[in-house]
Amino acid sequence: MNGDDEKFNEAEFLEKLGATVETYDRQRAASLCAELIAHLRRRQDVYPLKEAQQALQLLRNKRFFDLLQQTADAFIQSGQRSPRIRRMYAQSLLDQSNITAALNELKSLAADTTDNAKENAEACSLIGRAYKQLYVDAADPAPARNQENLALSVKAYDEVYERNRNLNLWPGINVVALLSRAARDGVTLPDFPQPSQKAEELARAILAVVKELHDEQKADTWSLGTATEACVALNQSDQALVWLARYVRSEYADAFELAGTLRQFKEVWGLEPRSPIMSLLQAELLKRQGGSVPLDPNQVAEQCQRLPEVKEKLEKVFGEDSFVSLLWYQKGLERCRSVAQVTTKSRRGVGTGFLVRGGDIVSGLGDEPCLLTNFHVVNRSGVGGGLRPDLARVAFELVDETTRYNVTEVAWESAIALHDAALLRLTPRPGGAQPLSVTDELPDLGPDLARLGTDLEPPPRLYLIGHPGGRDLHFSFQDNVLLDHEDRTGGRRARDNVCRVHYRTPTEPGSSGSPVFGAEGWSVLALHHAGRKDGMPCLNGRSEGIYSANEGVSVASIRAAAKATAASPART
């Protein structure tokens with residue numbers, strides 16, 4: 001290695017990458033991977049296998065599949081071609097829907113690992129997964145090629161399962177799932193003339209193995225998820241929830257595992273999004289990692305109505321601790337009803353807003369429900385790209401998709417350079433949605449943010465509900481770490497009466513005016529208004545200078561500014 005590369009420390013790199021992915025800092029993770037790839041291209045010897053595999057595992061666990069692909073490819077090019085590295089490379093292709101490329105790599109890997117039982121089983125099982133994905137993506141069982149893909153998937157999984165029924169449970173439960181799917185779709189599989197009967201037989205055998213492993217405290221994370229699926233196959237809904245609770249509490253149930261299980265129940269089993277199993281998985285994934293969830297009005301309404309019923313059932317099934325995530329998720333769903341889209345008269349989405357009790361912002365408005373949004377979305381004069389009140393319309397998608405509310409008055413506003421906020425009075429008064437609770441409290445970050453790269457308590461997370469890109473309502477739940485705010489110990493406000501909050505929760509145009517929720521209690525702590533991918537100045541004079549961040553203004557500073565003009569709420 002040359003002089004520069006002698007400074008590269010594999011252990012230190014792993015530590016930095018691990019701390020970065022734990023806070024879902026995608027930009028920093030991409031920078032670290034680029035640094036590693038550049039090093040690999042200059043390096044004269046082969047990178048240590050253990051450290052290479054650990055780096056890829058960190059990326060896989062948090063579902064950074066694009067970075068996983070790039071880094072695994074660089075390892076392979078540099079001469080580190082272990083079966084596990086090649087397998088993770090193929091997995092990255094599969095999870096990015098590059099199925100043909102993944103199949104080519106997996107077939108080559110299977111041929112090269114005939115003397116390695118574990119890796120050969122993994123490669124052959126992933127071949128089954130690739131054909132399974134081709135079948136479910138087609139969403140049509142009639143064409144012969146789709147039926148052939150289903151048959152190839154079952155064959156691949158079944159061959160691995162039959163090698164060792166007590167060890168290869170994951171391929172086995174996929175045979176169960178696909179036989180059940182074949183029966184529902186009316187697809188004939190020559191090797192399985194009675195698919196439903198065979199699926200039930202295999203599910204019982206698999207469940208018996210997992211029960212024995214669990215009794216002996218030897219069941220791993222995947223086994224617990226497998227038992228959940230076996231109970232679904234056997235129509236044992238209560239027992240499925242018991243196993244699911246064990247699964248999501250398992251030490252190694254990270255985003256990769258939960259997302260795979262969620263995908264299986266959705267795509268292969270066809271479980272309803274509102275079912276307790278799907279809701280609990282969605283809730284646990286919401287707390288761990290990323291993406292966004294589109295919210296169906298009927299799903300939200302039904303889940304909210306079923307909350308007491310679900311709570312009572314889950315209490316009977318597995319006690320208080322195991323269903324808190326589901327109730328937490330459903331509480332978030334209830335909040336969705338109070339989030340609205342701000343549109344033009346022609347129904348083009350321009351922003352988001354949310355109901356608050358008017359008196360919580362401006363004292364003279366009492367209990368009147370008002371909409372809080374950004375100044376740059378709606379303001380009295382239509383400046384800064386905002387709509388004038390007479391040109392704006394408001395719709396609560398999850399309450400009534402047809403009703404459009406008029407903005408009768410901007411009760412209070414603060415310019416973009418200050419709080420970028422506007423409190424709107426609506427007519428008619430919104431029904432079917434309650435004002436959201438707001439809080440003046442921001443999470444404690446201590447005197448500095450040094451802990452973001454340490455083993456100390458992880459940073460708090462925030463959640464947004466809004467209309468990104470003018471589309472339907474979405475939950476944002478990836479990369480949702482609180483970065484900094486100006487009310488922390490040692491904080492310095494750039495403007496005396498404005499408290500800004502920085503976070504990495506993903507947003508798009510149209511998210512402006514979204515409520516920013518704390519993870520505990522689902523109270524609104526900030527009004528979202530801006531974001532930059534690569535040029536947001538850090539808060540409190542931090543030495544980093546700029547970073548990728550989204551920005552909101554704390555509700556506490558908005559309330560303080562509004563109440564300062566309470567004697568005349570119609571003036572700024």
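Read-outs: derived from the displayed coordinates by stated rules, not from any lab. Given the structure is predicted, the values throughout are model-derived calculations rather than measurements. All Cβ positions, glycine included, derive from the backbone under ideal geometry; neighbour counts span all protein chains shown.
For the reader, a short list of remarks on this structure follows.
- Overall form of region 42-198 per C-alpha gyration tensor (a/c, 1.5; a/b vs b/c): prolate
- Fewest-first sequence of Tyr47, Tyr135, Tyr89 by Cβ atoms within 10 Å of each Cβ: Tyr47, Tyr89, Tyr135
- Answer label, with Rg and Dmax of the Cα atoms in Å calculated from the coordinates and candidates (i) 28.4, 94; (ii) 26.2, 82; (iii) 26.1, 102: (ii)
- Per-residue Cβ neighbour counts within 10 Å put His419, His39 in the sequence His39, His419, beginning with the fewest.
- Mean residue ellipticity at 222 nm, helices only, the chain: -14500 deg cm²/dmol; runs of at least 4 DSSP H residues each add -39,500 (n - 2.57), and the sum is divided by the number of residues.
- Cα→Cβ-extended label distance, 7 Å offset, between Thr408 and Leu49, nm: 7.5 nm
- Charge dipole (debye, nearest 20) of region 156-255; +1 at Cβ of Lys and Arg, -1 at Cβ of Asp and Glu: 140 debye
- The chain: angle of helix 169-185 to the longest principal axis, Cα-based, in degrees nearest 10: 80 degrees
- Basic side chains Lys and Arg get +1 at the Cβ, acidic Asp and Glu get -1 at the Cβ, and with that the dipole of the chain about its Cα centre reaches some 1360 debye.
- Positive dipole terminus of region 339-427, leading residue within Leu424, Cys370, Thr343 (C-beta point charges): Thr343
- Comparing Trp222, Gly382, Gly513 along the charge dipole axis of the chain, the residue lying farthest to the positive side is Gly382, per the Cβ-charge model.
- Cα long-axis angle, helix 10-22 against the chain (0 to 90 degrees, to the nearest 10): 60 degrees
- Summing charges over neighbours of Gly358, with a neighbour being any other residue whose Cβ is under 9 Å away from its Cβ, gives -1 when K and R count +1 and D and E count -1.
- Taking the C-alpha atoms only, the angle from helix 555-564 to the longest principal axis of the chain is near 10 degrees.
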